[in-house]
1. Looking only at the stretch 328-343, which residues are basic (Lys, Arg) and surrounded by fewer than 19 Cβ atoms within 10 Å (Cβ to Cβ)?
2. Looking only at residues that are crowded, with 22+ Cβ neighbours inside 10 Å and away from the ligand (no atom under 16 Å from the Cβ) in the stretch 118-133, which one is farthest from Asp332 (Cα to Cα)?
3. Out of curiosity, is Arg115 within 16 Å of the ligand (Cβ to nearest atom) and modelled with pLDDT of 95 or more?
4. Among residues belonging to the stretch 13-48 that are of a type in the set (Lys, Arg) and either over 14 Å from Asp90 (Cα atoms) or more than 14 Å from the ligand (Cβ to nearest atom) (or both), point out the one that is surrounded by the most Cβ atoms within 10 Å (Cβ to Cβ).
5. Of everything in the stretch 199-216, what is surrounded by fewer than 20 Cβ atoms within 10 Å (Cβ to Cβ) and either not charged (D, E, K, R) or not in a helix (DSSP H, G or I) (or both)? Give them in sequence order.
6. Which of the residues belonging to the stretch 115-153 are within 30 Å of Pro375 (Cα to Cα) and touching a residue at least 40 places away in the same chain (Cβ under 8 Å)?
7. Quick check on the stretch 76-99. Is at least one of its residues within 17 Å of Thr218 (Cα to Cα) and either without any contact (Cβ under 8 Å) to a residue 12 or more places away in the chain or not in a helix (DSSP H, G or I) (or both)?
8. From Ala2, Ala65, grab the single residue that is away from the ligand (no atom under 16 Å from the Cβ) and at pLDDT below 95.
Amino acid sequence: MAAMENQQQATWGGRFSEGPADLMLRFSESVSFDARLAPFDILVNKAHSAMLRHIGILTEEERDAIHRGLDQVAAKIERGEMEWDAKLEDVHMNIEQELTKLAPAAAKLHTARSRNDQVATDMRLFFKWACGQIDGALREVMAVLLKQADANRDVLIPGYTHLQRAQPVSVAHHLLACVEMFARDRRRFLQVREAANVCPLGSGAIAGTTIPIDREFTARELGFVDDAGHPKVTRNSMDAVADRDVFLEFASACALCGLHFSRVAEDMILWMSQEFRFADLPDAFCTGSSLMPQKKNPDAMELLRGKAARLQGNLQTLAVMVKGLPFTYNRDLQEDKPPVFDSFDQTLLSLQVLGQTLDGLKLRREVCARAVADPLLLATDLADWLVLEGVPFREAHHIVGRMVKLAEDSGRPIHEIPADEASRIHPALGGDWTGVFKLDQAMARRNGPGMPGPERIDAEIARWRGELSAASN
Ligand code: ARG
């Protein structure tokens, strides 16, 4: 059953004898999720009408009327007074119709363009903006990590492999590892921003236009320019309207960032557990149990793990949507927006939550000190000491293994095994090897590039601070 009244509403209604069914309207509308493109759509409309004036399709008065009208529409949207109409399908039609009420010249606005190149252009502007937003949030997380690394430079903890105690590290080294991950995310988002920086407008529906438009003019107006200010336009009209690579690249950068913040979250959950007790997270980002009065749960961190799964799902949605799609635009592609917007919203929100939670992270220094006092964390250092005494590493490894077993069997810490018993395992252990187990010295010896020695850590904190402040200029 089709509602006849819908027939007049559709801008493409000319060749139809009845309008779309109400069910079809509900099914096919996108304005419920693409209305957020309005600020970008208005920019694109302004640039396009300026270009149409430039090539003589619009008069100056018509262009100015359109620009004034667009400002009014933008203000109305900002005030929350715009009545988005699902019958008009999407953000583009809604804005155009609203504008036409204010400026009759808007009837000329859709000259030499299609919603296919229009939506591709809107989305590229969105991506450039969104990457900047996420970059800011990543910088804030990094700044908090640096602040905590700085405040906890002297706190040592066991580092883990296989979730078993391995070797001592500083909390700062651990937090700086997270800084490295997020720095890679920043670079990725900035690459996505660069990939988005090409203007598809003028590609039309598939094959451009017969009207002598000036694509470089529009690209320049919209800021699709290279470092030298030269306009960047897409090179093939079919690719330009079919291409969703930037969508996938953006969702992929979000998904990878999610993997990163979920790993940080998992470490915080472990640190807060009663089994570790290395740290406490701020009450403001934890919740209690409705049943067990003693509980304090790291829900924010758990949700970060959950959000990471959602980000993977969004990436998958986009990949499956594009797979095997015939050239060029197909309506399937309208479904590209919900996963992209969701990835943006959830990534940004997650990074804000991570930053604020980490800001309130409190290390329990005495618990950390007790955990890291385990001398077996320095068993490898003893093997290294033997190597420096001329013992081949494989042999040294075996010797220390026997020392560990002797310590365990006799219930003594390894560094308290008496000299005579040790030298029976290997003559080299007749020397003064117990100094190996002085933790401060053990850390100071790890001063090579990339290592957790205190001098290195100081230098790394200073280096990252410099990079972050340079980035914010
Ligand atoms: N709302 C549509 C989308 O988001 C705009 C493009 C519509 N193009 C078309 N030929 N129906 O993809």
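1. Arg331
2. Cys131
3. For Arg115, the condition - within 16 Å of the ligand (Cβ to nearest atom) and modelled with pLDDT of 95 or more - is met.
4. My answer is Lys46.
5. Hits for the stretch 199-216 are Ala205, Ile206, Ala207, Gly208, Thr209, Thr210, Ile211, Pro212, Asp214.
6. Leu145, Leu146, Lys147, Gln148, Ala149, Asp150, Asn152, Arg153, listed by residue number.
7. no
8. Of Ala2, Ala65, the one residue that is away from the ligand (no atom under 16 Å from the Cβ) and at pLDDT below 95 is Ala2.
The values are calculated or read from the model by the stated rules, or taken from the named source; none is laboratory data. Everything numeric in this text was worked out from a predicted model, so none of it was measured. As a convention, Cβ positions derive from the backbone with ideal geometry for all residues, glycine included, and neighbour counts pool all protein chains shown.
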